[in-house]
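Asker: First the structure, then my questions, so here it is.
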Amino acid sequence: MLRIAIITAEIREHKKDYADPKPGFGTPLEALLPAFAALPDIEVHFISCLRQPVHAPEKLADNIWYHALHVPKIGWLRTGYQGCIRTTRKLLRKIQPDIVHGHGTEHNNALCAVFSGFPNVITLHGNMRSIARVNHAKPFSFEWLAARLESFTIPRSDGVVCITNYTREAVAGLAKKMWLVPNAVDATFFEVQPQAAGEIPIILCVGSICAYKNQNNFIRALDLLAQRKKFKVIFLGAGSEKTAHGREFFQLVAARPWCRFDGFADREQLKSYLRDATLLALPSLEDNCPMVVLEAMAASVPVVAANIGGVPDLIEDGKTGLLCDPNNAASMSGAVEKLLAQPQFARTLAATANRSAQERFHPAVIARRHLEIYREVLAFHGRMPMKES
């Protein structure tokens, strides 16, 4: 029996919604839950720290336990997450896992893994040092501190699970060992059946309304195309007018009848939007392994995405999607126009992307790869012989 401890952030902590009775762990891990549950001879413990007590079901599946740890506010960032580290370590001594897997370096998870006292690996879901650089993070801001946490934890782990080559290149000088394993996509996205094209094509753009997601430049890039072609751009994601980018975004949308902002959409709602979408556009200036690209590929929706970060690992230009330059308006509008003008080409791209997603991002594939990594680390520590999963 392989006993695994997964330390991850909880959605209720992120939203500060401690009354919500249902735990959530983010799309990549939630996609892996059914795959882990289907594997024999493993025991998985999900562990999350929260600032307030919450409802915590004892089990998420027959072989998956959940532990919600209440850590008072003083035990978080202001004390270097000492409260989270100590509370997690105390629990781990009781569980006695074979290996600990910390997901994400931006909060306490990687720190808790490397100070767990057990063999451990960490996964970088976002390259915090790259994000801090792109956003020109101010000293002692959250992004500035998160970038330093990343630099601190990576060399102290037994290895880093890199979800793209972009991450692998970024940590090459810090990590003891690296493995390339993309995020898993929720298997239900493969069941989405795109609807027949409507009278007006729909371009879906998903992401928080912020500078590095580049929505404002994308809107301006489509201005000339909108004079020649009919289409509607629907933006999904959390947005606020409290930031300069947010204020400009809402002004741009309000001035263009072909733009619409529908706010945040959960995964079920996103499936509905994907069914109706003609294409998905991702104009980001920085991204590692954007889940919406994987989800669109699984749902057989053609993708236009920025040729940045880890995106080229996900999309083969001209075969499983189109890549564009997010700093060049003509490049963005040209890629969009090509898919709108050549529907058969768009359908071929989408079908090839779906097959690629099945082979590379299906949760069953990713779960098995994680087990191979765990056994490799444990073999290095002399804890157990390596074997195929």
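The values are calculated or read from the model by the stated rules, or taken from the named source; none is laboratory data. Everything numeric in this text was worked out from a predicted model, so none of it was measured. Every residue, glycine as well, gets a Cβ built from its backbone with ideal geometry; the counts of neighbours run over all protein chains shown.
Asker: Testing Ile163 on (1) farther than 22 Å from Ala305 by Cα; (2) in the same structural domain as Arg375 (by TED's automatic domain parsing), one condition comes back false. Which one is that?
Answerer: Tallying (1) farther than 22 Å from Ala305 by Cα; (2) in the same structural domain as Arg375 (by TED's automatic domain parsing), Ile163 fails exactly one: (1).
Asker: Which members of the stretch 143-173 meet the condition of being surrounded by fewer than 19 Cβ atoms within 10 Å (Cβ to Cβ), under 16 Å from Gly104 (Cβ atoms) and among the hydrophobic types (A, V, I, L, M, F, W, C)?
Answerer: Leu145, Phe152
Asker: Does the stretch 236-245 contain any residue that is over 21 Å from the mean Cα position of the chain (by Cα), part of a helix (DSSP H, G or I) and among the basic types (Lys, Arg)?
Answerer: No: zero hits.
Asker: Taking Arg355 as the residue in question, decide whether it is in a helix (DSSP H, G or I), outside the structural domain of Leu180 (by TED's automatic domain parsing) and more than 20 Å from Ile203 (Cα to Cα). Can you show your working first?
Answerer: Details: in a helix (DSSP H, G or I): yes; outside the structural domain of Leu180 (by TED's automatic domain parsing): yes; more than 20 Å from Ile203 (Cα to Cα): yes.
Answer is yes for this residue.
Asker: Which of the residues belonging to the stretch 215-241 are closer than 21 Å to Thr278 by Cα, surrounded by 15 or more Cβ atoms within 10 Å (Cβ to Cβ) and free of Cβ contacts under 8 Å to residues at least 60 places away in the same chain?
Answerer: Asn216, Ile219, Ala226, Lys232, Val233, Ile234, Phe235, Leu236, Gly237
Asker: Quick check on my filter: what residues within the stretch 178-211 are free of Cβ contacts under 8 Å to residues at least 40 places away in the same chain and either in a loop (DSSP other than H, G, I, E, B) or small (Gly, Ala, Ser) (or both)? Give the steps one after another, and end with the answer.
Answerer: So the first thing to find is which residues in the stretch 178-211 are free of Cβ contacts under 8 Å to residues at least 40 places away in the same chain, and the list is 178, 180, 191, 196, 199-200, 208, 210.
Listed by number, the residues that qualify are Ala196, Glu199, Ile200, Ser208, Cys210.
Asker: Still on this model: Answer yes or no as to whether Thr105 is hydroxyl-bearing (Ser, Thr, Tyr), under 23 Å from the mean Cα position of the chain (by Cα), at pLDDT below 95 and assigned by TED's automatic domain parsing to the domain that holds Phe118.
Answerer: Values: hydroxyl-bearing (Ser, Thr, Tyr): yes; under 23 Å from the mean Cα position of the chain (by Cα): yes; at pLDDT below 95: yes; assigned by TED's automatic domain parsing to the domain that holds Phe118: yes.
It is true that Thr105 is hydroxyl-bearing (Ser, Thr, Tyr), under 23 Å from the mean Cα position of the chain (by Cα), at pLDDT below 95 and assigned by TED's automatic domain parsing to the domain that holds Phe118.
Asker: Would you mind finding the one in Ala146, Ala68 that is in contact (Cβ under 8 Å) with a residue 40 or more places away in the chain, closer than 15 Å to Ser48 by Cβ and either of a type outside the set (A, V, I, L, M, F, W, C) or in contact with a Lys or Arg (Cβ under 9 Å, 6 or more places away or on another chain) (or both)? Walk me through how you get there before you give the answer.
Answerer: Numbers: Ala146 fails: closer than 15 Å to Ser48 by Cβ.
Unique residue meeting the criteria: Ala68.
Asker: Do we have Glu268 as free of Cβ contacts under 8 Å to residues at least 40 places away in the same chain and under 26 Å from Phe361 (Cα atoms) here? Give the derivation first.
Answerer: Numbers: free of Cβ contacts under 8 Å to residues at least 40 places away in the same chain: yes; under 26 Å from Phe361 (Cα atoms): yes.
Criteria met by Glu268.
Asker: Do the conditions hold for Val304, that is, is it in contact with a strand residue (DSSP E or B) (Cβ under 9 Å, 6 or more places away or on another chain), in a helix (DSSP H, G or I), of a type in the set (Val, Ile, Thr) and surrounded by 24 or more Cβ atoms within 10 Å (Cβ to Cβ)?
Answerer: Criteria not met by Val304.
Asker: Kindly indicate which of Ala277, Ala244 is more than 16 Å from Ser333 (Cα to Cα), surrounded by fewer than 17 Cβ atoms within 10 Å (Cβ to Cβ) and of a type in the set (Gly, Ala, Ser). Explain how you work it out, then say what you get.
Answerer: Details: Ala277 fails: surrounded by fewer than 17 Cβ atoms within 10 Å (Cβ to Cβ).
Result of the check over Ala277, Ala244: Ala244.
Asker: What tally of residues in the stretch 316-334 results from selecting those that are surrounded by fewer than 24 Cβ atoms within 10 Å (Cβ to Cβ) and closer than 26 Å to Arg220 by Cβ?
Answerer: 11
Asker: Only one residue in Val44, Val100, Val54, Val114 is crowded, with 17+ Cβ neighbours inside 10 Å, over 18 Å from Ile373 (Cβ atoms) and among the β-branched types (Val, Ile, Thr), so which one is that? Show your work before the answer.
Answerer: Details: Val44 fails: over 18 Å from Ile373 (Cβ atoms); Val100 fails: over 18 Å from Ile373 (Cβ atoms); Val114 fails: over 18 Å from Ile373 (Cβ atoms).
The unique qualifying residue is Val54.
Asker: Quick check on Gln251: is it out of contact with any strand residue (DSSP E or B) (no Cβ under 7 Å at 6 or more places or on another chain), more than 16 Å from Cys205 (Cβ to Cβ) and part of a helix (DSSP H, G or I)?
Answerer: Details: out of contact with any strand residue (DSSP E or B) (no Cβ under 7 Å at 6 or more places or on another chain): yes; more than 16 Å from Cys205 (Cβ to Cβ): yes; part of a helix (DSSP H, G or I): yes.
Answer is yes for this residue.
Asker: With respect to Gln342, determine if the residue is more than 25 Å from Thr188 (Cα to Cα) and surrounded by fewer than 20 Cβ atoms within 10 Å (Cβ to Cβ).
Answerer: On the way: more than 25 Å from Thr188 (Cα to Cα): yes; surrounded by fewer than 20 Cβ atoms within 10 Å (Cβ to Cβ): yes.
In short, yes.
Asker: Assuming Ser151 fulfils every condition listed in (1) assigned to a strand (DSSP E or B); (2) farther than 30 Å from Ala19 by Cβ apart from one, which condition is it?
Answerer: Among (1) assigned to a strand (DSSP E or B); (2) farther than 30 Å from Ala19 by Cβ, Ser151 violates only (1).
Asker: Taking Pro194 as the residue in question, decide whether it is modelled with pLDDT of 95 or more, more than 21 Å from the chain's Cα centre (by Cα) and within 27 Å of Ala364 (Cβ to Cβ). Spell out the reasoning first.
Answerer: Numbers: modelled with pLDDT of 95 or more: no; more than 21 Å from the chain's Cα centre (by Cα): yes; within 27 Å of Ala364 (Cβ to Cβ): yes.
Considered against the rule, which asks whether it is modelled with pLDDT of 95 or more, more than 21 Å from the chain's Cα centre (by Cα) and within 27 Å of Ala364 (Cβ to Cβ), Pro194 comes out as no.
Asker: May I pose another question? Out of the residues in the stretch 247-274 meeting the condition of being surrounded by fewer than 16 Cβ atoms within 10 Å (Cβ to Cβ) and among the acidic types (Asp, Glu), tell me which one is farthest from Leu124 (Cα to Cα).
Answerer: Asp262
Asker: Just wondering, is there one or more residues in the stretch 346-365 that are surrounded by 20 or more Cβ atoms within 10 Å (Cβ to Cβ) and aromatic (Phe, Trp, Tyr)?
Answerer: Yes, because at least one residue in the stretch 346-365 is surrounded by 20 or more Cβ atoms within 10 Å (Cβ to Cβ) and aromatic (Phe, Trp, Tyr).
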